[in-house]
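Data first, discussion second: the structure below is written as structure tokens.
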Amino acid sequence: MVETAPSPFTPGYGKKPAIFGGHGEDLSELRAVFETLDFGENHSVLVSGLRGVGKTSFLTTLQDAAREAGWLVISDDASAGLMSRVMDSTIPTLINEMTPETRARLTKLGIWNISADIEYVDRHRVVKPQLRTDLVALSSAMGADGGILITVDEVSAGKVRLRELSKFALQVSHALEDGAQIMVVFAGVKVSLDALLAEEHTTFLRRSRELEFERLSAPETRRVFVETAGIGGRAIDEEALDKLVSLAQGYPYLVQLAGDYAWRNNSIAPCITLVDATVAHDRAIRAIESRVISRVYGDLSDVDQKFLNAMAEDEDRSKVADIVNRMNVSDAYVQVYKKRLIDSGYVQPAGHGYVQFSLPYLGAYIRRQLAAEARDGGNEGGWGAYPAPDLPA
């Protein structure tokens, strides 16, 4: 059996990359808070960007750094039931993982019922528990030993979820007002975060530090490929590196995916070659279209799709006036969807009166889909000529 060298590339969901591309300065500043408890503007942070640009990996990196510094970490997503999960499951688990000395300090606060073995049993209060009270108590028990990092991923713009998130944010803001040492980080696409900021009780989030995750630059993409491969003890041929950089287009998930495919094609060779990069190219393109591009496009509204379809008629940037003509609607109507798609991160300005796709391969995917529909009559399989008969009365 031939031994293989494990790949240092990490394309799995939320996996921390060996080499983090971009936002290095931001990461360093936030890590410093874990050591110093000097928060500055960093009590609340909003991380925005499309799928696959590294938001979840960034949160994972922050969580690891906070734990290493002795902080408590509460991490969850914005799905229904967030408040109850945090209070009924996450916080009790954190209490049981504390040192006996810290749990003893909690016991004196009288908020939780802790057994003789200094283990969490249940709540001991006559009034309904509140998250703010829990957070303040945990922070008091930690003292100068650390703070609390709260990360909430996958913020969405659904009304029910936003109402729950705004209540969650209100509890965190009250805990901050009461002196709790907390850093809270919300992550999602920009339109969803903007919708959260428009909710009641989220005033303190409007003063958050904002980090917008976009594509990496070409030099930064090269650096991530080279240094990640180097961690695994391998080099990358120049031709192979050029092909991989061109393939990834600065999209962090694609960097990790393509690097992993190239690595695994011949993992015992000292160098990643052009052959490896070519294999990675074919596999990564198929994977990114099925796992990301098709889902992104499918999640959009009909009008959003029509806007992007109109853009896809151009190979490069699109003139907004041409989009107006192709959609056969007013300029004002197009401007509304243009702003929405820019805020969502799918489209970016490309000069006065022009836009272009910001998500790699989205335009090519749409062109291929439209061409396929044109060939087979709109994917209805020819059934338009054979309508189903009415059911008998």
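The values are calculated or read from the model by the stated rules, or taken from the named source; none is laboratory data. In this text, all values refer to a predicted model and were calculated from it rather than measured experimentally. As a convention, Cβ positions derive from the backbone with ideal geometry for all residues, glycine included, and neighbour counts pool all protein chains shown.
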Problem set entry | Any chance VAL224 is touching a residue at least 40 places away in the same chain (Cβ under 8 Å), over 16 Å from TYR361 (Cα atoms), surrounded by 17 or more Cβ atoms within 10 Å (Cβ to Cβ) and among the aliphatic types (A, V, I, L, M) | yes
Exercise. Do the conditions hold for GLU35, that is, is it loosely packed, with under 15 Cβ neighbours inside 10 Å, over 20 Å from the mean Cα position of the chain (by Cα) and not small (Gly, Ala, Ser)?
Worked result: yes
Exercise. Could you give every pair whose Cβ atoms fall below 9 Å, whose first residue belongs to region 58-82 and is without any contact (Cβ under 8 Å) to a residue 12 or more places away in the chain, and whose second residue is in a strand (DSSP E or B) and not β-branched (Val, Ile, Thr), counting only separations of at least 6 or pairs across chains?
Worked result: ARG67/LEU149
Seminar exercise, completed: Note on region 321-357: residues more than 25 Å from ARG51 (Cα to Cα), among the polar types (S, T, N, Q) and surrounded by 15 or more Cβ atoms within 10 Å (Cβ to Cβ) are none
Exercise. Is it the case that some residue within region 153-162 is under 23 Å from ILE95 (Cα atoms), out of contact with any Asp or Glu (no Cβ under 7 Å at 6 or more places or on another chain) and not basic (Lys, Arg)?
Worked result: no
Exercise. Over 20 Å from GLY12 (Cβ atoms), buried (at least 18 other Cβ atoms within 10 Å of the Cβ), in the same structural domain as VAL152 (by TED's automatic domain parsing) and among the small types (Gly, Ala, Ser), is that true of SER28?
Worked result: no
Exercise. Of the conditions (1) modelled with pLDDT of 95 or more; (2) in contact with an Asp or Glu (Cβ under 8 Å, 6 or more places away or on another chain); (3) in the same structural domain as VAL189 (by TED's automatic domain parsing), ASN96 fails just one. Which one is it?
Worked result: (1)
Problem set entry | Any chance GLY250 is surrounded by fewer than 24 Cβ atoms within 10 Å (Cβ to Cβ) and touching an Asp or Glu at 6+ places or on another chain (Cβ under 8 Å) | yes
Seminar exercise, completed: Over region 1-41, the set of residues touching a helix residue (DSSP H, G or I) at 6+ places or on another chain (Cβ under 8 Å) and outside any loop (DSSP other than H, G, I, E, B) is LEU27, LEU30, ARG31, PHE34
Exercise. Can you tell me which residue in region 200-217 is surrounded by the fewest Cβ atoms within 10 Å (Cβ to Cβ), limited to those that are over 18 Å from GLU25 (Cα atoms) and within 21 Å of the chain's Cα centre (by Cα)?
Worked result: ARG207
Problem set entry | Among the candidates ALA262, ALA277, residue that is over 25 Å from the mean Cα position of the chain (by Cα), surrounded by 20 or more Cβ atoms within 10 Å (Cβ to Cβ) and under 18 Å from ALA218 (Cβ atoms) | ALA277
For this session: From the list VAL324, VAL303, pick out the single residue that is in a helix (DSSP H, G or I) and closer than 27 Å to ALA187 by Cβ.
Result: VAL303
Exercise. Residues of region 265-281 being in a helix (DSSP H, G or I) and among the hydrophobic types (A, V, I, L, M, F, W, C), which ones?
Worked result: LEU274, VAL275, ALA277, VAL279, ALA280
For this session: Please work out which residue is farthest from the chain's Cα centre (by Cα), limiting yourself to region 339-363 and to residues that are assigned to a helix (DSSP H, G or I) and touching a residue at least 40 places away in the same chain (Cβ under 8 Å).
Result: GLY363
